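Quick notes on the structure that follows.
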Amino acid sequence: MEAKDGSFGFDFSGTYDEVKLYEVISYVTADGRKVKITFIGQENETNIIETFEAENTNSIELQQKGWQAILDNFKKFTEQTTI
């Protein structure tokens, strides 16, 4: 993963342990932390709930901001994409 301006980046990998189309994606990161993403359809919208086990290097607030930025960019992408 890398910032758009190239100022910061890091490797991110994991192994999926559950994938249910339109419902849930969960995986374990390379360092053993669990992540779960739940998709909840509501008429013409989809709510996404992402839970993750925090790592010990950065503050929880910084990690939440990072994950939220990813979700915000994903939202922008999906709103601009037509099927």
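Rule-based calculations on the coordinates, nothing more; no lab input. The structure presented is a predicted model; accordingly, all values stated were derived computationally and were not measured. Virtual Cβ from ideal backbone geometry, glycine too; neighbours counted across all protein chains shown.
Quick look at the values:
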| read-out | value |
| --- | --- |
| Cα-centre dipole for the range 1-67 with unit charges at Cβ (Lys and Arg positive, Asp and Glu negative), debye to 20 | 60 |
| For the chain, alpha-carbon Rg over 2.2 N^0.38 Å | 1.20 |
| ³J(HN,Hα) computed for each position of the range 6-16 - Karplus, 6.51 cos²θ - 1.76 cosθ + 1.60, integer Hz, glycine/proline x | x, 6, 8, x, 7, 7, 9, 8, x, 10, 5 |
